[in-house]
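Notes for the one structure printed next.
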Amino acid sequence: MTPTGAWDWAFAASILPQLLYATVYSVLATVLSFVGALVIGLPLALARGTGSRPLRVASGAMVELVRSTPILTQVYFLYFVLPTLGIVLPALVVGVLALSLHYGTYVSEAYRAGFASVGQGQRNAAAALGLTRGEAFCSVVLPQAIPPIVPALGNYLIALFKETPLLSAIAIVELLQTAKLIGSETFRYNEPITLVGLILLALSLMSAMLLRRVERWMNRWRH
């Protein structure tokens, strides 16, 4: 019998498929939350740059409120408060919504920095060509604003992936929760927790490599 503290390769191999299956939920939650953050961040960034003072104040207050509170608190709030309002959603949807809202506020600041990097001369030139504000934004401002903020967005994607274990607090059986369940059933935590760390490391490195390629591609496309 393998000692409790020793590494058991046979046991590690037997639980690996279960952990890889659970990884699908972590990756799914990450991708959906990141897309949601990109979508939520854009109107927040536009609202903070608008000429309407009430809209600027409201969007700024929302950004500061969300960024100043822990994600776990927001997850619990949405999970337990929405049903009291008659809105019952699956736990995964609530988790993705919470992560999207939280990281959407950070993404909005990245968007703002990107918009600010586009000089006023570019906007004036677009106006001189007869483009409407919407056309100028989509054709002139946005294509120039996105490439510089790709590294920041990539950092948020990697950070978001490492936040998905928080969703286990609302009974989402993702990667880390699966490892904890295996440990509680077998009284062996060395192998499952170590494998989780290696899987997270591998996915983070793969994400970083992919983002570097995207960044290089966008830089070539930009020039």
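Answer with yes or no whether Arg213 is modelled with pLDDT of 80 or more, over 20 Å from Leu72 (Cβ atoms) and not in a helix (DSSP H, G or I).
The answer is no for Arg213.
Could you check, for region 19-33, whether at least one of its residues is surrounded by 16 or more Cβ atoms within 10 Å (Cβ to Cβ), among the aliphatic types (A, V, I, L, M) and over 17 Å from Phe161 (Cβ atoms)?
No: zero hits.
For every residue, the table says whether it meets (1) farther than 30 Å from Tyr189 by Cα; (2) exposed (fewer than 13 other Cβ atoms within 10 Å of the Cβ); (3) under 25 Å from the mean Cα position of the chain (by Cα).
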| position | (1), (2), (3) |
| --- | --- |
| Asp8 | no, no, no |
| Ala13 | no, yes, no |
| Arg48 | yes, no, yes |
| Val63 | yes, no, yes |
| Thr69 | yes, yes, yes |
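Would you mind finding the one in Ala145, Ala116, Ala126 that is surrounded by fewer than 17 Cβ atoms within 10 Å (Cβ to Cβ) and either at pLDDT below 85 or within 21 Å of the chain's Cα centre (by Cα) (or both)?
Every option except Ala116 fails the conditions.
Hey, could you check region 129-142 for residues that are assigned to a helix (DSSP H, G or I) and not hydrophobic (A, V, I, L, M, F, W, C) and say which is surrounded by the fewest Cβ atoms within 10 Å (Cβ to Cβ)?
Gly134
Could you give every pair whose Cβ atoms fall below 6 Å, whose first residue belongs to region 54-75 and is farther than 23 Å from Val94 by Cα, and whose second residue is in a helix (DSSP H, G or I) and at pLDDT below 90, counting only separations of at least 6 or pairs across chains?
Partner pairs satisfying both residue conditions: Leu55/Ala47; Arg56/Arg48; Gly60/Arg48.
Among the residues of region 35-89, count how many are assigned to a loop (DSSP other than H, G, I, E, B) and under 20 Å from Ala159 (Cβ atoms).
Number of matching residues: 3.
Determine whether region 174-183 contains at least one residue that is over 18 Å from the mean Cα position of the chain (by Cα), modelled with pLDDT of 85 or more, among the small types (Gly, Ala, Ser) and crowded, with 19+ Cβ neighbours inside 10 Å.
Looking through region 174-183, at least one residue is over 18 Å from the mean Cα position of the chain (by Cα), modelled with pLDDT of 85 or more, among the small types (Gly, Ala, Ser) and crowded, with 19+ Cβ neighbours inside 10 Å.
The values are calculated or read from the model by the stated rules, or taken from the named source; none is laboratory data. Keep in mind that this is a model prediction, so the values were computed, not measured. Counting neighbours? That spans all protein chains shown, and the Cβs are built from the backbone with ideal geometry, glycine included.
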